[in-house]
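Structure record follows, encoded as structure tokens.
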Amino acid sequence: MTRPLTVALVAGGALLARRALRRRIGASPLWPMPALEEPVSGRRRENRRPSSHRVLVAERTEPAEGVVRLRLEGADLPPWEPGAHIDVVLPSGAVRQYSLCGDPDDRGAYTIATRVLEGGRGGSRELRERLHEGTEMEIRGPRNRFPLVAAPSYLFVAGGIGITPLLPMVRAAERAGADWRLMYCGRSRASMPFLDELEQAGADGGRVTVVAEDESGPPGLAFLGGLPAETAVYCCGPEGLMDAVSGALGEARAPHLERFTASAAVPGGAFALELRRSGRVLTVPADRSVLSVVRDELPNVSYSCTQGFCGTCRQRVLEGEIDHRDELLTDAEREDSMLICVSRCRGGRLVLDL
């Protein structure tokens, strides 16, 4: 039996929690300040790619059935905030994305974890079979499209390996004295990584509800409809779980979601594609990606994941309205660039700096 999830918040307690957060964390990851962008003033903006770093696999463990955890040590690693991920360049050259699940204060290492999927695209199997302690490798980033926003209270909903981006958020909320709850769902307790740590963190006040489907069946989400409006809801896990959370919350509010795979493609129409530097004008049919059409003409254009996650195929856009369908670029990056493996044109013509 799982403990019932407590969702009632007292207004006075929420106010105290908010004030405590501000006193304790100032400008920490829970309270990010937007950076002021320098005016472009007509100059060409760089099409920046994530910074690259060499790291060493310093430790490899298996925190749950079918899950591999790696501690990656390196010099001068950039700081990161809860919700961030890195690109991992696998020995084959394939690029995969993994959420950082360690401690942001540990500036000498990044920690990632993944479930090995036998029926996947092969990235997790390669990580398991070829990345061992002592292996040197390349990573890129970090990036963050899943930041922890300031809120008086939080509800985190994790499904299986979806706990990885939420784990640093739970730690940050706990350190800050915030009011938080976690619903952690999985096939079985043995398959759920970091379970002991999370249950210990939430032992005071019953903050953590574990839903192991082999014990109690699928999670009940009806309580989400009664959450206070000020509660920020974060969810990461299988598509079905995220759809269920969104549906239970209703159309009036949207949860913060981190997806394992790209969103389902919405059909789009054909459009003209100009490659400005190459002097070519092509047609992108409704049933083909920009990447596939471009590579017919320019076969050396780089790509990797083909699902809008890695950023390898990112190109600068000179003209046209972009239909962004990726899960990677920030709002600022989307102003003048796109991932041509998944994104398209909203109008009839798009011009790339190719």
Completion exercise
With a Förster distance of 30 angstrom and the Cβ-Cβ distance between residue 129 and residue 190, calculated FRET efficiency to the nearest 0.05 equals 0.85
Practice task
Mind sorting 326, 76 by how few other Cβ atoms lie within 10 Å of their own Cβ, fewest first?
Solution key: 76, 326
Handout entry: Pairs of Cα atoms farther than 25 Å apart, the stretch 83-214, %
Key = 31
Fill in the blank from the handout: Ranked on Cβ counts within 10 Å of their own Cβ, fewest leading, 55, 294, 89 go 89, 55, 294
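Quick note: the coordinates plus some simple rules give every number you see, no bench work behind them. A quick note: this is a predicted structure, and the numbers were derived from the prediction, not measured. Neighbour counts are summed over all protein chains in view; Cβ atoms, including those assigned to glycine, are modelled from backbone coordinates with ideal geometry.
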